[in-house]
1. Which one of these is farther than 21 Å from residue 205 by Cβ and part of a loop (DSSP other than H, G, I, E, B): 313, 261?
2. Which count do you get for residues in segment 132-160 that are touching a residue at least 24 places away in the same chain (Cβ under 8 Å), closer than 23 Å to residue 256 by Cα and outside any loop (DSSP other than H, G, I, E, B)?
3. So which residues in segment 1-17 are assigned to a helix (DSSP H, G or I) and surrounded by fewer than 22 Cβ atoms within 10 Å (Cβ to Cβ)?
4. Can you spot a residue in segment 182-200 that is touching a helix residue (DSSP H, G or I) at 6+ places or on another chain (Cβ under 6 Å), surrounded by 20 or more Cβ atoms within 10 Å (Cβ to Cβ) and in a loop (DSSP other than H, G, I, E, B)?
5. Go over the candidates 163, 125 one by one and state the one that is in a loop (DSSP other than H, G, I, E, B), charged (D, E, K, R) and assigned by TED's automatic domain parsing to the domain that holds residue 26.
6. List the residue pairs whose Cβ atoms are under 7 Å apart, where the first residue sits in segment 225-253 and is touching a residue at least 40 places away in the same chain (Cβ under 8 Å) and part of a helix (DSSP H, G or I), the second is among the charged types (D, E, K, R) and loosely packed, with under 14 Cβ neighbours inside 10 Å, and the two are 6 or more positions apart or on different chains.
7. If I ask for residues that are without any contact (Cβ under 8 Å) to a residue 12 or more places away in the chain and either surrounded by 11 or more Cβ atoms within 10 Å (Cβ to Cβ) or under 22 Å from residue 340 (Cα atoms) (or both), which ones from segment 57-70 would you list?
8. Please tell me if residue 305 is in contact (Cβ under 8 Å) with a residue 60 or more places away in the chain, in contact with a strand residue (DSSP E or B) (Cβ under 8 Å, 6 or more places away or on another chain) and either assigned to a helix (DSSP H, G or I) or under 20 Å from residue 16 (Cβ atoms) (or both).
Amino acid sequence: MRILLVAPSINPVTYKGLGKYCKEILEGMQRVGEVDLVQKISEQDKVISTSSEIPLRLLYRRFSRDYDVVHALSPDLGIYSPFIFENSVVTFHDLIPILAFREMRFQFSQLMPYYTQFTWRMAARARKVIANSTQTRDELVHLLDVKPEKIQVIPLGVDDRFRPAQKKNLNRPVIGFFGNYTFRKRVDIAVSAFKLISQEVDADLILAGGEIQTMYQKHFDMQNLTRDLKHVKLLGHVAEENLPSLYNSFDVMLFPSLYEGFGLPIVEAQRCGIPVLILRDARIPDEVKQETFVCEDAQDMAQKALELLKDDGKKAELVDRASVHAARFTWDRTIAATMKIYRELSEH
């Protein structure tokens, strides 16, 4: 089978979870088929260059080689392939630019939802649409009028590198946060919860993830946000190969993100045996947030974190359930389900 993948990047450093998805799909498909890749020349979010270079390169591919399937791994790069190739697939990860552009504090926030709705409707004209969660599927149906029978939900995965390991730091409990420092991830709530935790327990706070490279999203000033706090480590970007060690350095992980199309750090941390605390008002898919500790606000998050730190039995019970839950998400299943779509399209 000849497959053409269209990706913004296969670099998790720049594109975080999206980059990880693109990398896993590319490597998985290379094991089972003949794969070509078209990706943006620049990893930065440059709309004009994306709107010019990608369609020209796809047109060249259209007339230079035959493909059984063309799969755009993000909707912004999937707006052209339905008009150039017969068997086109596009993956939608979330509808954040439409549903939460104000809360995200996007630049160009007045134009963002209109531009996104217009272009993503074009992408949704692909023969098959992949959504990484039931939440994204439902949003596609209600907001972009995509027919439900056209959408296949294929969750993301976690590889076997993510597993429990013995902790190195036994001096103080560690409160962890992993995510970029944009307003969507609400790192300020994690810091506020830590301040309350510190009033009762001498603990460390690790803030990992760093700034995401984009022209759209604004970031917290982390130096100002953590000023005068003791035992706080700002790690910034963490290399992919070091993520299991990062999770395993946590005793609990605070994940106050407002909106996740999937929420991969949740299941990665759970696979490492780390309990995860989220907020009730967050838009996180139901199938992902199972076996998390749901909190009302920063104060409740602090209180529930303290309960887990003080009650080993309660923590162990949650960890056991969460580990079983997270084991359901594997990249092998993601690749197999995606390949099934390719075969169905190429056979009809």
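1. Going through 313, 261 in turn, just one is farther than 21 Å from residue 205 by Cβ and part of a loop (DSSP other than H, G, I, E, B): 261.
2. Count: 4.
3. Listed by number, the residues that qualify are 12, 13, 14, 16, 17.
4. Among the residues of segment 182-200, not one is touching a helix residue (DSSP H, G or I) at 6+ places or on another chain (Cβ under 6 Å), surrounded by 20 or more Cβ atoms within 10 Å (Cβ to Cβ) and in a loop (DSSP other than H, G, I, E, B), which makes the answer no.
5. Selected residue: 125, the only one of 163, 125 that is in a loop (DSSP other than H, G, I, E, B), charged (D, E, K, R) and assigned by TED's automatic domain parsing to the domain that holds residue 26.
6. 244/161; 248/167
7. Within segment 57-70, 60 is the sole residue that qualifies.
8. yes
The values are calculated or read from the model by the stated rules, or taken from the named source; none is laboratory data. Quantities reported herein were computed from a predicted structural model and do not represent experimental measurements. Note: ideal-geometry Cβ built from the backbone for every residue, glycine included; neighbour counts use all protein chains shown.
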